[in-house]
Amino acid sequence: MDRDRREVLYLSHEDVLACGLAPAEITTAVRRIFLAKAQGSAHTGRKLSLPVDKAVSYSGKGGVDIDSGFAVMKWYGYVPGNAPCGLPDFNPTLILSTIESGLPLAIMDGHWLSAFRTASITCVAAGLLADPAATTIGFVACGMQASAHLDALKEQFGIRRITAFSRRMQSAERFAATARQHGVDADVAEDPRQAVEDHDIVISSIPLGSERTKFLDAHWIRPGGFASMVDLGYAWDRDSLRALGVVVTDELDPATRLPTEALNYDGEYTAELSELVAGRAMPATAAGSRKALIFGGTGLADTAAAIAIYRRAVERRIGRLLPM
């Protein structure tokens, strides 16, 4: 590497989209970094949290991928009052650096990455825990995460039908219309139970700080079904989660075997997702049981996605070089 290099590649939101990465490519990258973690060549640390007040906060998370030679940090602000200004509540930016010298190589917008790295974590878990013949998905909340999950999961499974539930009927109708445009039958539910029962896969992604929480019952998940709780489990009644036979998360503290985020679950975890990727066997009782990924949001997934975007941008000469 040229240690005299003093340029950084800037990738805007449009640049990231121009890279043209398919959801399956991000899933492959995320699966690889989970395996690398299990083998000891990738790791992360605790999230940095800086509250401003009861509503506004800033956070940072990232990871190191020794095999690729990169370290990544995602810095994001959460400002729930942004909607009247036409801005998203969640605004992430990533810095990718080389391990060799510590110099930053890229700064990139993180909106697309954050949506699809999350969906890719679900896809990795679903590939191990969901019915391979799954054809139906129930969505509880119909925003950015639902859209990314639909795009990613319909690539991986033969999805033929979805059910959409949202606190705002207009959001559910809009999401269902988008699904139909992609050749998927879609129903809109007035009752959240209708979006859980009789579905092979369930995705819950209620926004951070939602007024209504803990309204889903895990007993509604069909035996053998799989739920990805992108909302850290806060859409679900905590006591009902005892109905789950297999519970995994994407990041456990190696010393305590407890999650690094405040998840809405106080039971034992069957495994960390990286352990399953590395081939850890499921309990004998797992086959017909209800299974769930309770999402924590590991910075390793951000790291994997950022590396994939950076490599594609360099390959296609996308972005703008800025002097350091």
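Rule-based calculations on the coordinates, nothing more; no lab input. Source: prediction; values computed, not measured. Cβ atoms come from the backbone with ideal geometry, glycine included; neighbour counts cover every protein chain shown.
Placing unit charges on C-beta atoms (Lys and Arg positive, Asp and Glu negative, everything else neutral), compute the dipole magnitude of the chain about its Cα centre in debye, rounded to 20. Could you put the intermediate results ahead of the total?
Numbers: 34 positive and 38 negative charges, 63 e Å.
So the magnitude is around 300 debye.
Once amide H atoms are built 1.01 Å from N in the peptide plane, which residues 5 or more positions from ALA227, or in another chain, come under 5 Å H to H?
VAL202, LYS291, ALA292, LEU293
Could you calculate the FRET efficiency of SER240 with SER210 from 1/(1 + (r/R0)^6), where r is the beta carbon distance between them and R0 is 22 Å, rounded to 0.05?
0.80
Would you mind calculating the gained length between ALA177 and VAL52 on full extension (0.36 nm times residue separation, minus the Cα-Cα distance), in nm to one decimal? Each step should come with its number before you reach the end.
On the way: separation 125, 0.36 × 125 = 45.00 nm, distance 3.81 nm.
Result for the pair: 41.2 nm of gain on full extension.
Using the Cα centre as the reference, give the magnitude of the dipole from point charges on the C-beta atoms of region 129-296 (Lys, Arg: +1; Asp, Glu: -1; all else neutral), rounded to the nearest 20 debye. Write out the running numbers ahead of the final one.
Values: 17 positive and 24 negative charges, 61 e Å.
Dipole of region 129-296, to the nearest 20 debye: 300 debye.
Pulled fully out, how much extra length does the chain show between ASP266 and ARG316, if you take 0.36 nm times their separation in residues and subtract their Cα-Cα distance? Each step should come with its number before you reach the end.
Working: separation 50, 0.36 × 50 = 18.00 nm, distance 4.64 nm.
Extra length available between ASP266 and ARG316 comes to 13.4 nm.
Using the Karplus curve 6.51 cos²θ - 1.76 cosθ + 1.60 with θ = phi - 60°, work out ³J(HN,Hα) for each residue of region 224-239 in order, rounded to whole Hz, and write x for Gly and Pro.
x, x, 10, 10, 9, 9, 5, 8, 6, x, 7, 7, 10, 5, 4, 4
Could you tell me the calculated FRET efficiency between ILE99 and ARG160, based on Cβ-Cβ distance and R0 = 51 angstrom, to the nearest 0.05?
Numbers: r = 45 Å, r/R0 = 0.87.
Here the calculated transfer efficiency is 0.70.
For region 263-271, just list the computed ³J(HN,Hα) in residue order, Karplus coefficients 6.51, -1.76 and 1.60, θ = phi - 60°, integers in Hz, with x standing in for Gly and Pro.
8, 8, 7, 10, x, 7, 9, 5, 5
State, to one decimal in nm, how far the label point of ASP191 lies from the label point of GLU14, with both points 7 Å from Cα in the Cβ direction.
In this crude label model, ASP191 to GLU14 measures out at 4.8 nm.
Using 0.36 nm per residue of separation minus the Cα-Cα distance, give me the extension gain between THR256 and ALA287 in nm, one decimal. Intermediate results must be reported in sequence, preceding the final value.
Values: separation 31, 0.36 × 31 = 11.16 nm, distance 2.73 nm.
Contour length minus the Cα-Cα distance gives 8.4 nm.
For the charge dipole of region 160-254, defined by +1 on Lys and Arg C-beta atoms and -1 on Asp and Glu C-beta atoms about the Cα centroid, which residue among PHE165, PRO254, LEU208 has the Cα displaced farthest towards the positive pole?
Towards the positive end, the residue furthest out is PHE165.
Once phi is turned into ³J(HN,Hα) by the Karplus curve 6.51 cos²θ - 1.76 cosθ + 1.60 with θ = phi - 60°, what whole-Hz value does each residue of region 247-257 show in order, with x for glycine and proline?
10, 10, 9, 8, 7, 10, 5, x, 7, 9, 6
Which order, highest average first, do 304-315, 99-110 follow once you tally other Cβ atoms within 10 Å for each residue and take the mean per peptide? Please list the in-between numbers first.
Numbers: 304-315: 22.2, 99-110: 17.2.
Top to bottom by mean Cβ count within 10 Å: 304-315, 99-110.
Sort the following peptides by mean Cβ neighbour count (other Cβ atoms within 10 Å, averaged over residues), highest first: 26-39, 230-243, 112-125. Spell out each step's value before the answer.
Working: 26-39: 22.1, 230-243: 20.6, 112-125: 26.5.
Descending mean neighbour count gives 112-125, 26-39, 230-243.
Find how many whole Å separate the alpha carbon centroid of region 71-90 from the alpha carbon centroid of region 180-225.
Between the Cα centres of region 180-225 and region 71-90 lies a distance of 26 Å.
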